[in-house]
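Inspection log for the structure reproduced underneath, given as C-alpha cells.
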Amino acid sequence: MPKLVYKVGEICLREQQDIVFLTFGHMGEEDGGDPFTGASWGGKPMSDVWESMPSRKEVIHWLGANDIGWEECFYIYSGTIIAPYEGAIYVDVPPDKSNEKYNELLGFLEDEKGGCVFSGVDFLFLSYEGVLKTSR
C-alpha cells in the first residue's frame, strides 16, 4: 500500500517549531551502504533492512511505552528526491529542556557525553528558523 512519507523540513514547517529526528545505519558506501545515501547496516543498504534493525525496534518500542508519538520521515531537508525509505523517524516531542518528555527522551538516547547510546543511530535536531530561511 502506498504511503506518504514527509521530509524533515516539511515536518518542521508543519509543526512550526524546532524538531528532533532519528536516522539509523552507518554512513558510508564502502560499508555496503546505499550508493545514493550511503546508509547501511550489517553490510546491506538500509532500504533493505531498516524494519529488522534491533536498535530501531527498541527505540520505537520505548517511544510507544512512554506515550511519545513518532512518524516515518526522510532525513533530507528540502528539494525533490526519489529514494527508498531508510527507516528515519521524526519524534513528536518539542526539543525543549523544560519539556518533561524531551528530558525523558534525552535520558533514554544520550550517553554522558551527549552521543547516542545506540550504535548506528543518530539523534538529530532541525531548526524551524533555519528551515524558514531556506524555504523562502
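Please tell me if Glu112 is assigned to a helix (DSSP H, G or I) and modelled with pLDDT under 95. So Glu112 does not fit the description; no. Out of everything in segment 96-136 that is in contact (Cβ under 8 Å) with a residue 12 or more places away in the chain and among the aliphatic types (A, V, I, L, M), what residue ends up being farthest from Gly25 (Cα to Cα)? Step by step, filter segment 96-136, then rank; the result is Leu132. Among the residues of segment 90-119, those that are farther than 19 Å from Val8 by Cα and surrounded by 12 or more Cβ atoms within 10 Å (Cβ to Cβ) comprise Asn99, Lys101, Asn103, Glu104, Leu106, Phe108, Leu109, Glu110, Gly115, Cys116, Val117, Phe118.
Here Leu132 meets each of (1) buried (at least 17 other Cβ atoms within 10 Å of the Cβ); (2) part of a helix (DSSP H, G or I) with one exception, condition (1).
The values are calculated or read from the model by the stated rules, or taken from the named source; none is laboratory data. These numbers were taken from a predicted model, which means no experiment stands behind them. All Cβ positions, glycine included, derive from the backbone under ideal geometry; neighbour counts span all protein chains shown.
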